[in-house]
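Each value in this text was obtained by applying a stated rule to the coordinates, not by laboratory testing. It should be emphasised that the depicted structure is a prediction, and the values quoted were computed from it without experimental measurement. A quick note on method: Cβ atoms are made from the backbone with ideal geometry, for glycine too, and the neighbour counts reach across all protein chains shown.
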Amino acid sequence: MADLTFNTTAGAVVERELLILFMNTGASSTPVWSAIGKRVEDSSLEYDWGDESKTDIFGHTYTTMKKPVITQTFDPCELDSGDVAQVKIWNMAIKDQDIGAMTNNDLLVVHTYAGTADTAVFAERYSSCMVKPSGLGGSANVGMPIDVTYGGTRAKGTAAVASNGTVTFTAEGSGD
């Protein structure tokens, strides 16, 4: 994949709403991408590169890095029956306490600010992610903060976002 440019206006910062996480609430072969983060005011992907620097006996410093462990937190995340991803997470974690399901989620990060606006934006699909609530409750409304750890195979590609919100992911080199 060639270098991409941002499809936003030069001189303007990229708005946070242009970085969206989707959960597959359908089947692996026929994904239905549902956004995570409704009612969440602030969330970011955190990259832990596992970097380490060492200085040898000659005084030369060498640095190593690993592939990043990527995490993300959604808090507050107030319960809403219209939030399909949140209902799926609640059923997996709170109702069923299904550890296997909680650690095997298909997630899609869509960078709608990079690439061709709405039709071919950069996206990365992670095949086996952990999605877990870190709490349940609140003072006025019931919230369910969610922690995500990205895992499994990473597939780069593009996403098309239709005007009705339907997302279609095409993996790099797949041609479909």
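List the chymotrypsin sites (Phe, Trp or Tyr not before Pro) within segment 1-109 that DSSP assigns to loop and that have no more than 13 neighbouring Cβ atoms inside 10 Å. Listed in order of number, the matching sites are Trp49, Phe58.
Quick one: net charge around Val142, please, counting Lys, Arg +1 and Asp, Glu -1 for every other residue with C-beta under 11 Å from its C-beta. Here the count lands on -2. Applying both filters, DSSP loop and at most 14 other Cβ atoms within 10 Å, to the GluC sites (Glu not before Pro) of segment 1-110 gives Glu15, Glu41.
Mind counting lysine pairs for me in the chain? Cα separation below 30 Å, and the two need to be 8 or more apart along the chain or on different chains. For the chain, qualifying lysine pairs total 16.
Here the sum of -39500 (n - 2.57) over DSSP H runs of 4 or more residues, divided by the residues of the chain, equals -1500 deg cm²/dmol at 222 nm, to the nearest 500. I'm spelling it out carefully: the read-out is volume of the Cα convex hull per residue in Å³, the candidates are (i) 122; (ii) 187; (iii) 113, and one was derived from this structure. Which label? The listed entry that was calculated here is (ii). Relative contact order for the chain: 22 percent, from Cα pairs under 8 Å spaced at least 6 residues apart, divided by residue count. Give the longest segment of the chain that steers clear of trypsin sites (Lys or Arg not before Pro) in DSSP loops with at most 16 neighbouring Cβ atoms within 10 Å, not counting the sites themselves. After excluding every exposed loop site, the longest remaining stretch is 67-176.
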